[in-house]
Amino acid sequence: MEQSLAGLIKDFDKIVIGIGSEWNWVSKGLLKDERYCKLLEYCKKDENNWLLPIVEYEYAYYQTDTKIEKAYKALKDIIGDKKYFLVADIFLQDALMYGFDPQKSVYPCGTYMYLQTSDLDDSLLLADKSPEFKEVVNKIHTIIIENEGDFDNDTSFVKPFADGKVLYLNQKRNEYRTIKYNESAYQDRWSDYMHFLTDTLNKKLLILEIGVGLDYPTVIRWPFEKVTFINKQAHLIRVHEKLYQHTPEIQDKTESIQMNSVDYILQERNGL
C-alpha cells in the first residue's frame with residue numbers, strides 16, 4: 001500500500017473496523033505460559049471441555065498484554081475523529097479499555113462479561129458477581145499462583161450453578177455447541193451497527209479488516225466482502241498473517257496485506 005493508512009482514512013467519510021483472532025492475546029498467552037500446560041491438557045478431555053472458557057477468563061482477568069494495548073491506542077490515533085463502528089468476533093473487549101466508544105462497538109460472539117444458562121428466557125448474569133462462578137475462577141488462580149500450575153490428578157472442578165441450572169460464559173464457541181447462545185447482550189449495538197452500515201451506502205466507506213480469521217466468517221469476513229461489492233464507493237483493506245486473500249469480484253476495491261495485523265497497526269502508527 002503506497003499511501004499510509006492514516007493518509008488513506010482522510011479520503012473517506014466513514015470507517016468500519018473488523019477485529020479478529022490475531023488480537024486474541026489470551027489464547028496465545030495461555031499456550032506460551034507453562035503454568036497452564038496441565039490445565040489445558042485437562043480441558044482437552046470431552047468431559048472437561050466446559051472448564052476451558054473459565055481458564056481463559058482467569059487468564060484474562062489477571063493478565064494484560066502491553067502490545068495489544070499499544071495497538072488499540074495506535075488504531076484509535078490513526079482513526080482520529082473519523083466516524084467509525086467497530087465489530088469484533090473475539091470475546092475480549094480491549095477496544096473499550098483503550099479509547100473506543102462502547103456505543104460504537106459490538107461483540108456479536110459474546111464477551112467475558114456475562115453468564116447465561118441453557119434457557120434463553122433466563123436473564124444474563126454478571127460473571128464477576130456470581131459466587132459460584134468466582135469459586136471456580138479462584139480455584140484455577142490458586143493452582144496457577146500457589147502451585148505453579150500443578151494439581152492432583154484426582155482434582156475435580158464443580159460446574160457453577162444458579163437456581164439449579166448450569167452457568168456458562170455468554171459466548172458463541174465450540175465448547176458450548178450443545179446449548180443455545182443467548183444473543184440478548186449485543187442486539188442493541190448490532191441494531192446500531194446495521195443502521196450505521198445503511199447510512200454508508202452513498203458515502204465513501206473504508207472497511208478495515210484486521211486479523212480476522214475463519215472462526216466466524218459470517219460475522220465479519222463475508223459481510224465485509226458483500227458491503228464492499230455493493231457499495232460503489234467502498235474500499236476494503238484486509239490484513240492477516242495467513243488469511244489475507246480476497247474474492248476476485250472485489251479485486252479492484254480491495255488491498256490484501258500479508259502481515260500480522262497487530263504489527264501492521266503499530267507500524268502504521270509509527271509512520272504518523
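Things to note:
For (1) within 25 Å of V239 (Cβ to Cβ); (2) in contact with a Cys (Cβ under 9 Å, 6 or more places away or on another chain), each residue gets a yes or a no:
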{"site": "K38", "(1), (2)": "no, no"}
{"site": "E41", "(1), (2)": "no, no"}
{"site": "K45", "(1), (2)": "no, no"}
{"site": "N48", "(1), (2)": "no, no"}
{"site": "L52", "(1), (2)": "no, yes"}
{"site": "K67", "(1), (2)": "yes, no"}
{"site": "F85", "(1), (2)": "yes, no"}
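- In the stretch 64-81, the qualifying residues are those that are touching a Gly at 6+ places or on another chain (Cβ under 9 Å) and open to solvent by 60 Å² or more (accessible area, probe 1.4 Å), and the one that is nearest to G7 (Cα to Cα) is D77.
- Subset of the stretch 10-38 that is small (G, A, S) and farther than 19 Å from S105 by Cβ - its residue that is most open to solvent (accessible area, probe 1.4 Å): S27
- Matching option when the condition is among the hydroxyl-bearing types (S, T, Y), closer than 20 Å to I220 by Cβ and either crowded, with 21+ Cβ neighbours inside 10 Å or touching a residue at least 60 places away in the same chain (Cβ under 8 Å) (or both), among Y107, Y114: Y107
- The condition of being basic (K, R), touching a residue at least 60 places away in the same chain (Cβ under 8 Å) and out of contact with any strand residue (DSSP E or B) (no Cβ under 6 Å at 6 or more places or on another chain) holds for only one of K159, K180, K232, that being K180.
- G20 being under 16 Å from the mean Cα position of the chain (by Cα) and in contact (Cβ under 8 Å) with a residue 60 or more places away in the chain: yes
- Any hit, the stretch 47-62, residues being part of a helix (DSSP H, G or I), within 17 Å of L266 (Cα to Cα) and open to solvent by less than 50 Å² (accessible area, probe 1.4 Å): no
- In summary, Q93 fulfils each of the numbered conditions (1) closer than 29 Å to F161 by Cβ; (2) open to solvent by less than 10 Å² (accessible area, probe 1.4 Å) with the single exception of condition (2).
- For the stretch 157-272, the helices (runs of 4 or more DSSP H) that sit wholly inside it and include 1 or more residues that are open to solvent by 70 Å² or more (accessible area, probe 1.4 Å), β-branched (V, I, T) and over 30 Å from P131 (Cβ atoms) are 187-198, 221-230.
- Residue among E69, E146 that is assigned to a helix (DSSP H, G or I) and more than 16 Å from the chain's Cα centre (by Cα): E146
- Which listed residue is at pLDDT 95 or above, of a type in the set (A, V, I, L, M, F, W, C), assigned to a loop (DSSP other than H, G, I, E, B) and more than 24 Å from E47 (Cβ to Cβ), from L96, L92, L86: L92
- Filter result (part of a helix (DSSP H, G or I), without any contact (Cβ under 8 Å) to a residue 40 or more places away in the chain and out of contact with any helix residue (DSSP H, G or I) (no Cβ under 9 Å at 6 or more places or on another chain)) within the stretch 29-46: K32, E41, D46
The values are calculated or read from the model by the stated rules, or taken from the named source; none is laboratory data. Since the structure is predicted, the reported quantities are computational estimates derived from the model, not experimental observations. Don't worry about glycine lacking a Cβ; one is built from the backbone with ideal geometry, like all the others, and counts go over all protein chains shown. We work out accessible area using only protein heavy atoms, side chains counted, and drop any ligands, DNA or RNA first. Shrake-Rupley method; radii C 1.70, N 1.55, O 1.52, S 1.80 Å.
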